[in-house]
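What follows is one structure encoded as structure tokens, with my remarks underneath.
Derivation of every value follows stated rules applied to the coordinates shown; laboratory data play no part. Note that the structure is a prediction, hence the values are computed from the model and not measured. Ideal geometry is used to build each Cβ from the backbone, glycine not excepted, and the neighbour counts take in all protein chains shown.
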């Protein structure tokens, strides 16, 4: 029986071709060359002894036999995918893999994780630190915590909390009392990591340019480490600075705080919708967010 089944590569190429009807589109989806896709389709037709396509100049249209076969192949591939997913999940019954921004993991999530472990001792939590948006299937991610507008295609999401922008510095650089003298602050060294100065300046009622930065960072964790070392001031999110502010490793350089246009969201693919561990994490995060918000009052 196995000898009579075409190769999985040929079947995947055929199913994609039946949907997309263009070799270039199939090659892009399957990360193959144009020639490799054509070769797989020809191998499939030769092995079956049946023409599956009417070949035109720029398109390939399914024959009647090809249309029937495409429906059957799609069903079989879906069943194989579901069986594989169920098998993976059955061997990960007590695991949950979460993709999270490094800065949020380090400064907001990590100080609270011992509470999660104590409440769910049998659940293994895997943190996948990543700055880019998650490819859930490729990286076997169950859910993610992301910052932004919350409207992402092909995933489900739930807002966790809003955030704000504050200016922070080390006690050695600016002392422990916030300054209202912008002229003085602007003369100090500054560090940037991509936060929106325009919204903060507008909230502060200042018609001036953002201070020139001595250093630029792509990761806010590195930014805050540099600020703690007294290398400069920084505009950053309250959520990732709050733990350092409470421990007095950082201080507010200015009393003005503006609302951030983005927010934190818990994001998950449709396959995780009924995952009980996702619901445990979501409920726990909801409690932690409420505690955090109360601490800010």
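Here are a few things to note about the model shown:
- The calculated FRET efficiency for residue 152 paired with residue 129, based on their beta-carbon distance and R0 = 22 Å, is about 0.70.
- Using all pairs of distinct alpha-carbon atoms, the Kirkwood hydrodynamic radius of region 2-90 works out to 13.6 angstrom.
- The chain: most fluctuating residue of 181, 134, 172 per GNM, C-alpha cutoff 10 Å: 181
- Spin-label pair residue 202/residue 229, simplified geometry with 7 Å Cα→Cβ offset, distance in nm: 3.5
- Highest to lowest packing among 112-125, 275-288, scored as the average C-beta count within 10 Å: 275-288, 112-125
- Translational D in µm²/s for region 163-260 (Stokes-Einstein at 10 °C, 1.306 mPa s, Kirkwood Rh from C-alpha pairs): 121
- Taking label points 7 Å from Cα along the Cα-to-Cβ direction, residue 7 and residue 186 give a separation of 6.6 nm.
- Length gained on full extension, residue 95 to residue 246: 51.1 nm, using 0.36 nm per residue less the C-alpha separation.
- Separation in nanometres of the label points that stand 7 Å from Cα toward Cβ, at residue 140 and residue 43: 2.7
- What the Cβ-Cβ distance of residue 287 and residue 117 gives, at R0 = 22 Å and to the nearest 0.05, is a FRET efficiency of 0.95.
- FRET efficiency for the pair residue 84 and residue 34, taken as 1/(1 + (r/R0)^6) with r the Cβ-Cβ distance and R0 = 30 Å, rounds to 0.60.
- For the chain, Kirkwood radius (reciprocal of mean inverse C-alpha pair distance, Å): 23.2
- Highest-fluctuation residue, 95, 45, 154 considered, GNM on the chain with Cα pairs under 10 Å: 45
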